[in-house]
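The values are calculated or read from the model by the stated rules, or taken from the named source; none is laboratory data. Remember, it's a predicted structure, so these values are computed and weren't measured experimentally. Here the Cβ positions follow ideal geometry from the backbone for every residue, glycine too, while neighbour counts run over all protein chains shown.
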Amino acid sequence: MSIWNAGEECLDLEERAQQQLERLQSTLNRAYKNVPFYRNRFQLQGIDPAQIESLGDLDSIPFTERAHLAENYPYGLFAVPLRDVVRIHTSQGTALKPTVSGYTRQDLAVWREMAARTFTAAGVSSSDILQIDLDPGLSNWGRDYKDGAEAIGAGVIPLTILPPEKQLMLLRDYRTTALVTTPSAATQFMHLLFRANLNPNALALKTLLLAGEAPDADIQAELEEQLHVKTWVHYGLSEVPGPALAFECRERSGLHVSEDHFLPEVVDAVTGEALPEGEVGELVLTTLTTRAFPLIRFRTGDRVRLLPDNCPCGRTLRRMEWLPERTDELRVIRGVKMHHQQILLLIERALGFPPKACRFFIKRQDFRDYLEVWLKVDEELFSDEVKEMERLSNRLGSGLAQELGVPVTIRFKEDISFASSGRSSGQSSRIEDLRHSPF
Amino acid sequence: MLRIRNLKCYYGRIRAINGVSLSVRPKELIALIGANGAGKSTMLQTIAGLLPHWEGEIQLEKESLQGLKPPGIVKRGISLVPEGRMLFPPMSVLDNLKLGAYLRYRRREHSQIAEDLEMVLDLFPVLRERAKQPAGTLSGGEQQMVAIGRALMARPRLLLLDEPSMGLAPFLVRTILNILVQLREQGMTILLVEQNARAALQIADRGYVLENGRIVLDGPAADLLADQDVKRAYLGKDYREFNEGRA
């Protein structure tokens, strides 16, 4: 399979180290000059960007966390004036306020290039018809994927919010050959296909690009076997913002990180200290070329391991193994990240008062993942009219679904008990994953 | 070919360059742009060995230039075309050109020097016509050609040029820059410092933006040409906003 940009993807390792140092230093200089948040934090630590003389010195710089993105809502972390920003993205974030990120024209070109290189690595070309099916919470990625697919000349069916049955219809009728989706949505597709008595051989689909969720070897194997396709895993972050900053190549031995644009570090999730290559820890990313929205040492919460040695595919971009468990309390539903405190705050805002008790579950029904919220009914919530309770349930459910970008079901309960391990605050539990539970 | 890491240069106690990392790959034409006083010329003079007080790493083909004086650096294959040409006005064009090969005469490379002189005169035909004329009597553009020709007479692997367009009429600027493109096409590696940012970026492969002794932007030259910050600061828009920051 060919390589989209061999000059960058196969760059000599010494040249790569030099390139990363140069780009890191200019990123730090720009962030220091143009973003008060970073300047203040550097100054508090007594750090001048000129002190960063090697990639190893980066660990003297404080981390950027998701909370900082919310605190600087909407434009506090932008490093260019708004008139230079040509696209503004909103992701639902993990707090009450969404995460806002911006792109300059150059940033868009970088993302287009990165998406193009991931498609090329998966063998997608101008002779493919590529369909993008992601949940609304990942609509940012849909646009970047569309741009990248257009760059390689593929025919694109852009992200359109349609029910799975309609997506399946497009897949069949439009002769889609490559599909970008999440592993859970792909699994749902597969089951819908069989339920509709459609033979996978009747589809033109040959490439399944899986984004948004850590890979599960069993699910990948099942998808490949049942749908007669090849699957390719992509890693992305909605905050950075972009869909495919690491991708699988034909060797299927880890995901190549686009190190010419991002500097990966692996740190101990508890101590924050850098870990040696090969050890499992939290992935921390620093943007190297982003103009509008640089992120410096951003804690992703994803567990990874950087793999040693070069890949036989010829790319010198380092590879990482992406592990399913996270290092934080965020949970992922159909590629969308959420935190139980965020859901609690959204419910409180919708009700006008804090709920007495609630529990959150990720469930799967009809092969479709969704969030189920249990709310304890007390005097404030209770109404003796069923219709009133239904109305409240619908209002809460649709409001949460809109904010989070995933399907939500509300259940009222007379009493809610917490398993001791699941409880994390006065009135709510962490999000419990019951997808693989028999109940 | 040229690899610089964490360069810090001093004039007395004043730090003019503050932690610059920069690289030039073989056969690349790199533009280093920035405002007056940003440190562009300081960078070139340091690489050429003219400024002794610096820290960091400068490597040519993975060999350090630390401790080398200008003749040693010329021997390694780096030639500087200085700002303001710095010709010897009373001397003839030919003698000015031959001075560029001064170190090679000591190595008795006479026949190769003669070949190179022919190559330079082919590159700048007007200099052949004025070969015996005192260099000081030439026009600005012609003097710049002599300065470039003199640098080429050292047979450099890396050519450094400091503001070659300075003081030249627009059509002469184009002539000089076209010659740089021609040299790059012939395989020369070039690091070009220019205040005429647009002209430099139009012919360069990549560029670096230097500001107060620090690199604040780098990337493919076409990207920098399209960058709004670069446009404001160096291509004629809102200089003040860029320079004073936004915070």
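Observations, loosely collected:
- Residues located in the stretch B:143-175, provided they are without any contact (Cβ under 8 Å) to a residue 60 or more places away in the chain and surrounded by fewer than 21 Cβ atoms within 10 Å (Cβ to Cβ): B:Gly167, B:Leu168, B:Ala169, B:Pro170, B:Phe171, B:Leu172, B:Val173, B:Arg174, B:Thr175
- Residue match in the stretch A:227-242 (condition: within 21 Å of the chain's Cα centre (by Cα), among the acidic types (Asp, Glu) and surrounded by 21 or more Cβ atoms within 10 Å (Cβ to Cβ)): yes
- When restricted to residues that are assigned to a helix (DSSP H, G or I) and either surrounded by fewer than 24 Cβ atoms within 10 Å (Cβ to Cβ) or not aromatic (Phe, Trp, Tyr) (or both), the stretch A:106-131 contains 14.
- Selection status of A:Leu69, within 14 Å of chain B (Cβ to nearest Cβ) and either within 30 Å of A:Pro163 (Cβ to Cβ) or surrounded by 23 or more Cβ atoms within 10 Å (Cβ to Cβ) (or both): no
- Any chance B:Tyr234 is assigned by TED's automatic domain parsing to the domain that holds B:Gly34 and over 17 Å from the mean Cα position of the chain (by Cα): yes
- Residues that are over 28 Å from A:Glu251 (Cβ atoms) and among the aromatic types (Phe, Trp, Tyr), drawn from the stretch A:2-54: A:Tyr32, A:Phe37, A:Tyr38, A:Phe42
- Test: residue in the stretch A:291-313 that is farther than 27 Å from A:Pro36 by Cβ, among the hydroxyl-bearing types (Ser, Thr, Tyr) and in the same structural domain as A:Leu134 (by TED's automatic domain parsing): no
- Evaluation of A:Arg334 against the conditions (1) in contact with a Gly (Cβ under 9 Å, 6 or more places away or on another chain); (2) in the same structural domain as A:Asn29 (by TED's automatic domain parsing); (3) buried (at least 20 other Cβ atoms within 10 Å of the Cβ) shows that the sole unmet condition is (2).
- Exclusive hit being out of contact with any Cys (no Cβ under 9 Å at 6 or more places or on another chain) and farther than 19 Å from A:Glu259 by Cβ, set A:Gln25, A:Gln45: A:Gln45
- Complete set of residues in the stretch A:40-56 that are outside any loop (DSSP other than H, G, I, E, B), within 19 Å of B:Val20 (Cα to Cα) and within 10 Å of chain B (Cβ to nearest Cβ): A:Pro49, A:Ala50, A:Gln51
- Of all residues in the stretch A:72-111, none satisfies the criterion of being in contact with a strand residue (DSSP E or B) (Cβ under 7 Å, 6 or more places away or on another chain), of a type in the set (A, V, I, L, M), within 14 Å of chain B (Cβ to nearest Cβ) and closer than 23 Å to A:Asp302 by Cβ.
- Picking from residues in the stretch A:8-19 that are facing chain B (nearest Cβ under 10 Å) and part of a helix (DSSP H, G or I), the one that is surrounded by the fewest Cβ atoms within 10 Å (Cβ to Cβ) is A:Glu14.
- Of the residues making up the stretch A:104-113, not a single one is in the same structural domain as A:Ala185 (by TED's automatic domain parsing) and touching a Leu at 6+ places or on another chain (Cβ under 8 Å).
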